[in-house]
Amino acid sequence: MRFAFSEEQRLFQEALAGMLAEQCPPEAVAEAWNGDSGRIPGLWAKLAEMGVVGLSVPEAHGGLGLDQLDWVLLLQEAGRAALPEPLLETSAVAAPLLSELGGELANEWLPRIAAGEAVVALGLDPAPWVADAHEADLFLLQAGDEIHALSPQEVRATAQPSVDGARRLFRVEWEPSERTRAAAGEGGRELLALTLDRAALGAAAQLVGLARAMLDRSVDYAKKREQFGQAIGAFQAVKHQLSDALLQIEFARPLVAHAAYTLVHDWYTRSRDVSTAKARASDAALQCAKTALQCHGAIGYSFEYPLHLWMKRSWSLAAAHGDAAWHRSRLAKLLLD
Amino acid sequence: MKILVCLKQVPHKDARLDIAGHGTWIDDANLKFEINDYDNYALEAALRIKDAGEAEVIVATIGPDRVVQSLRTALGMGADRAVHVKDEALEGSDSLGVAKSLAAIAAQESPDLILTGLMSDDANYGLTGPMLAELSGLPHATGIVSCEHAGESITVERELEGGALEVVELPLPALVTVQTGMNEVRYASLKGIMQAKKKPLETKSVADLGLQASDVAPKVTIEKIYMPPKGEGAEILQGSAAEVSQQLVTKIKELGLL
């Protein structure tokens, strides 16, 4: 087994990174936070045109038919840019779920997702809230072992306070019915478990990118900011913190890639690998956020300086689809049961 | 119609540049590279001609193995095939050596139109395009900001000093060098990147181009590159705007500039 990303996957990453550097700079993200939608106007269409939005949509429905391994580097870049678009839930999680649900749901929604014309909101345990409900065209919601598909008219979404101005959270109230049921029983259980793993893994990949962005920015700042006649990066108290943050990222990064591999190849270790990855990626991003704030000092607290965009996205995603404690608990159960 | 686009791979625009130990170029050991920005606009112009009708777009570049990534990106954006010239003889080559190699490719391909960037982001000479046109015996226009192809000619607008534009019609075959901002450069789509793997990418040596190492040996050598020394004696004037203005006038008078 050659455990490395392919040249093609690296080129995908480079292409997306280049595009986001131009289309999703921190100023645009900050502006999106203040907008009605929380998104950057026109960016979703550009991502769809590039093929990113439909990456997991089967070719027959207008997508590329690629898998979770192809998502890892792309979601890292999305994290690095603090991308304020529903790439994780709609493209990396809902699209493969719809594909597996098949039938009318898949036929109706997958082409629309690939074309960038539909956003899907996911309500999965253990997440108490649903992200991006205000923008959603379709809701895929969990009720016990069942998955239900609902239109926006069939749910009541109430905005909740969210630390991240782009990843907006909602309490969604709804009534499950025979008509809305898309999967149930053993099949429903399996799909829900797989979907949760996809969501946690996608969040973990984004957290790695967020962590790296905060570390890079902090290292850059520590090289330039002078105090007592020298760059603050020269002081051990600063550089040791930055080194520790790098170590956290380097521990998390291969775990995320490995979990993607076991998920795609349906290894029996899939869920425990995903939980390990999500826990470590959450730790890494939270540590990097803390270190970045320490190294930046007072300016790191200011709303005008963009560090908070990455920090708050990290806090939001570290809590999404199971936080580190939840995943460690699941890991313990999976190992001991 | 056959269009040849000459690309150069240059250090990424956000890369931190350090001078190499030998002092004659930057240290490129750990740099990220990308397609020269001017060349991206040239490629986009070629792809737009292709989109509008029948055209084959060939991209060509010179350099070590790493430049293949830029060729793959260009193929992912929509170019049809690529030529990579790789030869130790071209290491440290100057604009003339590069132009001779590209002219040899042009002689083999016989394109109707050659497009390249006005200059490169790293060397900034702006020589390769005009030299290539001269060596190939082609009419050329530099610094174009628009391009319309009709039949056996192209009409281009050239950017002049002071914002003026010059309209030039060139019979084909011809060469133009492209100014940045001429168009909106497309992004390589993921599907395009996947398809790029199957597109032809030919690697050629100087000998394959019918040239000898001595033909491309540099006539110009860089003696030294260095950071300009920091100036000394700067003085920051203190006080209100009115006070500072008065002090400034006094200083200028003292220096005999007024």
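Computed from the coordinates by the stated procedures, all read-outs in this text should not be read as laboratory data. These figures come from a predicted structure and were not determined experimentally. As a convention, Cβ positions derive from the backbone with ideal geometry for all residues, glycine included, and neighbour counts pool all protein chains shown.
What's the extension gain from A:Gln160 to A:Glu117 if we count 0.36 nm per residue and subtract their Cα-Cα distance? Please list the in-between numbers first.
Values: separation 43, 0.36 × 43 = 15.48 nm, distance 2.54 nm.
Working it through step by step, the gained length comes to 12.9 nm.
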Notebook entry, point to check: Pairs A:Lys312/B:Lys32; B:Lys13/B:Lys86; B:Lys32/B:Lys219; B:Lys197/B:Lys219: which exceed 31 Å Cα-Cα?
Noted result: B:Lys197/B:Lys219
Check: How many partner chain Cβ atoms sit within 10 Å of a residue's Cβ in peptide A:50-62, on average, as a whole number?
Finding: 2
Next item on the list: Let me know the longest stretch in chain B that avoids all chymotrypsin sites (Phe, Trp or Tyr not before Pro) found in a DSSP loop with at most 16 other C-beta atoms within 10 Å.
Entry: B:126-225
Checklist line | Proximal charge balance of B:Glu109 [Cβ under 14 Å; K/R count +1, D/E count -1] | finding: -2
Notebook entry, point to check: Hey, got a sec? Which GluC sites (Glu not before Pro) in region A:134-237 land in a DSSP loop and have at most 10 other Cβ atoms within 10 Å?
Noted result: A:Glu178
Check: Ordered by residue, what ³J(HN,Hα) values in Hz, to whole numbers, does region B:169-182 give under the Karplus form 6.51 cos²θ - 1.76 cosθ + 1.60, where θ = phi - 60° and Gly and Pro are x?
Finding: 10, 10, x, 8, x, 8, 10, 10, 10, 10, 7, 5, x, 5
Margin query: Which residue fluctuates most in the GNM of chain A (Cα springs below 10 Å): A:Val120, A:Val172, A:Val208?
Written below: A:Val172
Check: Does region B:2-216 classify as rounded, prolate or oblate by the C-alpha gyration tensor (a ≥ b ≥ c root eigenvalues; a/c under 1.5 gives rounded; else a/b over b/c gives prolate, otherwise oblate)?
Finding: rounded
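Loop-only check: which chymotrypsin sites (Phe, Trp or Tyr not before Pro) in region A:1-105 are DSSP coil with at most 13 other Cβ within 10 angstrom?
Details: sites: A:Phe3, A:Phe5, A:Phe12, A:Trp33, A:Trp44, A:Trp71; in loops: A:Phe3, A:Phe5.
When the chymotrypsin sites (Phe, Trp or Tyr not before Pro) of region A:1-105 are filtered for loop state and at most 13 Cβ neighbours within 10 Å, A:Phe3 remain.
Fully extended, how many nm does the chain gain between A:Glu175 and A:Asp125 (0.36 nm per residue separation, minus their Cα-Cα distance)? Mind dumping the intermediate values first?
Details: separation 50, 0.36 × 50 = 18.00 nm, distance 1.63 nm.
Taking 0.36 nm per residue and subtracting the Cα distance, the gain is 16.4 nm.
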Next item on the list: Report ³J(HN,Hα) in whole Hz for each residue of region A:287-298, in order, from the Karplus equation J = 6.51 cos²θ - 1.76 cosθ + 1.60 where θ = phi - 60°; Gly and Pro get x.
Entry: 5, 5, 4, 5, 5, 4, 5, 4, 6, 6, x, 4
Check: Which lysines have a Cα less than 19 Å from the Cα of A:Lys239, not counting those fewer than 8 places away in the same chain?
Finding: A:Lys223, A:Lys224, A:Lys290
Next item on the list: Rounded to whole Hz and in sequence order, give me ³J(HN,Hα) for region A:113-121 from the Karplus expression 6.51 cos²θ - 1.76 cosθ + 1.60, θ = phi - 60°, writing x for Gly and Pro.
Entry: 5, 4, 7, x, 9, 9, 10, 10, 9
Next item on the list: Relative to the longest principal axis of the C-alpha atoms of chain B, give the angle of the C-alpha long axis of helix B:241-254, reported between 0 and 90° and rounded to the nearest 10°.
Entry: 90
Note to self: Can you compute the modelled spin-label distance between A:Asp337 and A:Glu190, with each label point 7 Å from Cα toward Cβ, in nm?
What the structure shows: 1.7
Notebook entry, point to check: How about region B:149-202: which trypsin sites (Lys or Arg not before Pro) there are in a DSSP loop, with at most 14 other Cβ atoms within 10 Å of their Cβ?
Noted result: B:Lys197, B:Lys198
Checklist line | Helix-only [θ]222 nm of the protein assembly as shown, DSSP H runs n ≥ 4, -39500 (n - 2.57) each, per residue, nearest 500 | finding: -14500 deg cm²/dmol
Check: Quick one: if the Förster radius is 35 Å, what FRET efficiency do B:Ile26 and A:Ile299 give, using the C-beta to C-beta distance and rounding to 0.05?
Finding: 0.65
Item checked: Global geometry of region A:187-336, whether rounded, prolate or oblate, following the gyration tensor of its Cα atoms and the 1.5 cut on a/c -> prolate
Next item on the list: Determine the shielding of peptide A:5-12 by partner chains: average, over its residues, the number of Cβ atoms on other chains within 10 angstrom of each Cβ.
Entry: 4
Check: To the nearest Å, what is the center-to-center distance of region B:143-185 and region A:112-137, using C-alpha atoms only?
Finding: 47
Item checked: Estimated FRET transfer efficiency when R0 is 25 angstrom, pair B:Ala52-B:Glu169 (beta carbons, to 0.05) -> 0.85
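What range in chain B is the longest one free of GluC sites (Glu not before Pro) that are in a loop by DSSP and have at most 15 other Cβ atoms within 10 angstrom? It would help to have the intermediate numbers written out before the result.
Numbers: sites that count: B:Glu54, B:Glu91, B:Glu152, B:Glu184, B:Glu223, B:Glu232, B:Glu235.
Formally, the longest exposed-site-free interval is B:92-151.
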Item checked: Estimated FRET transfer efficiency when R0 is 56 angstrom, pair B:Glu148-B:Lys251 (beta carbons, to 0.05) -> 0.55
Notebook entry, point to check: For region B:1-27 and region A:264-301, what is the separation of their C-alpha centers, rounded to whole Å?
Noted result: 35
Margin query: With unit charges on the beta carbons (Lys and Arg positive, Asp and Glu negative) and the dipole taken about the Cα centre of region A:4-75, which residue among A:Leu69, A:Ala21, A:Ser37 sits farthest to the positive side?
Written below: A:Ser37
